[in-house]
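Have a look at the structure below before the remarks.
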Amino acid sequence: MGLISGDSRGQLFSLDILFALIPLVLVLGMVASDMDNITYLIQDTVYRGSTERVAADTLNTLLETSGDPTNWEQNGSVNVVGIAKYDSNKGIPLEGTVSASKLTALNVSNMQKLIGNEYGFYLNITTIDDSTILKSIGTNNVGASGAGINSTASDIVRVEKVANYAQLDVVSSLKDGIRDAGVPRIYTSPPNPFPTNNFYLTIYDYYVLVVNNGYDSATVDINSKTVIKGNNFNGQSTRHANITEQIDESFLKNMTTLQDNTVTVRTVSNPGASMDVYIIQAPKGIPEDQISLDNIKPKPCRVILFLWTN
């Protein structure tokens, strides 16, 4: 008979199983005790991922679409807000651009409608070259530069993009089209007519900018009312200069619906002369010294959106 009977070998096998199960039981116990923390981490990751998606989708909608309707800034009624310029000739938004008129009309209400009431937000748009603030709306607890943190919110998400912005909108222009022909000439639309209504006149001012290269006299009329007069030209001192005049609001169409304003340019013959004419739409109250060629050229701006759950 052997030293270990059959019953003894069975008992040793049972003890082996018990000893092997002890580490497993300990691991299961630790996992069970930490299950709340694991669940919290999973939920936190899911919630933060959801917030990041909402923030990214919001910024994409703002900068890649012109909104619904595409001319929502004209009457303040909007289904989905977007601030990209709209090319009416091609019928498409110009992705990555910021329309000055849409940016002016953008407010907390239509931004919140886009994001949803379950989220808080802060939108900050600045020029890249000198950090001038172009728009700052929402709960401003993150600092003008966007470097701080909203201490009352948790899981703040930050998304950023670069877009092109021109401070002024050119709504009508005649560039490289006015040349001396040896006789006085009249140019009527072009520059193209531009639309206004009573809502536009509450948020915009309009200017005529003439880039003169050699003319001693010319006039620019809006709806047959003279804005740029012959006495705006002063011989040699204005022969190669820019001339700017604000359009009197009473000259412009101010009905409920949009109506076209006609532009008429009359030039007096001067050999070798040329002239460019721009009709500029600017945010209400902008200083006249900011109506310039430089400010109608698009420049890069930084668009930063902070988003958090309420």
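Residues in the range 274-308 that are among the basic types (Lys, Arg) and either free of Cβ contacts under 8 Å to residues at least 24 places away in the same chain or in a strand (DSSP E or B) (or both): 2 in all. Annotation: of all residues in the range 183-205 being touching a Gly at 6+ places or on another chain (Cβ under 8 Å) and within 16 Å of residue 251 (Cα to Cα), the one that is modelled with the lowest pLDDT is 199. When the range 95-130 is filtered for residues that are free of Cβ contacts under 8 Å to residues at least 24 places away in the same chain and part of a loop (DSSP other than H, G, I, E, B), only 130 remains. Kindly evaluate residue 237 against the criterion of being modelled with pLDDT of 95 or more and over 18 Å from residue 174 (Cβ atoms). So residue 237 does not fit the description; no. Evaluating residue 258 against the criteria (1) under 22 Å from residue 293 (Cβ atoms); (2) touching a residue at least 24 places away in the same chain (Cβ under 8 Å); (3) open to solvent by 20 Å² or more (accessible area, probe 1.4 Å); (4) not β-branched (Val, Ile, Thr) leaves one unmet condition, (1). Restricting attention to the range 139-174, the residues being touching a Pro at 6+ places or on another chain (Cβ under 9 Å) and either modelled with pLDDT under 80 or assigned to a strand (DSSP E or B) (or both) number 8. Here's a check for you: in the range 48-95, which residue that is within 20 Å of residue 259 (Cα to Cα), at pLDDT 90 or above and not β-branched (Val, Ile, Thr) is most open to solvent (accessible area, probe 1.4 Å)? In this case the residue turns out to be 69. When 242, 232 are checked against the criterion of being within 20 Å of residue 293 (Cα to Cα), within 30 Å of the chain's Cα centre (by Cα), modelled with pLDDT of 90 or more and open to solvent by 30 Å² or more (accessible area, probe 1.4 Å), 242 stands alone in meeting it.
Scanning the range 250-269 finds one or more residues that are within 17 Å of residue 209 (Cα to Cα) and part of a helix (DSSP H, G or I). Filtered by the rule that a residue be outside any loop (DSSP other than H, G, I, E, B) and in contact with a Pro (Cβ under 8 Å, 6 or more places away or on another chain), the range 74-94 gives 85, 86, 87.
Condition check: farther than 23 Å from residue 296 by Cα, open to solvent by 10 Å² or more (accessible area, probe 1.4 Å), out of contact with any Gly (no Cβ under 9 Å at 6 or more places or on another chain) and assigned to a strand (DSSP E or B). Does residue 226 satisfy that? Yes: the conditions hold for residue 226.
The values are calculated or read from the model by the stated rules, or taken from the named source; none is laboratory data. The structure presented is a predicted model; accordingly, all values stated were derived computationally and were not measured. Heads up, the Cβs are rebuilt from the backbone with ideal geometry, glycines too, and the neighbour counts pull from every protein chain shown. Just so you know, the surface numbers come from the protein's heavy atoms only, side chains and all, with ligands and any DNA or RNA stripped out. Shrake-Rupley method; radii C 1.70, N 1.55, O 1.52, S 1.80 Å.
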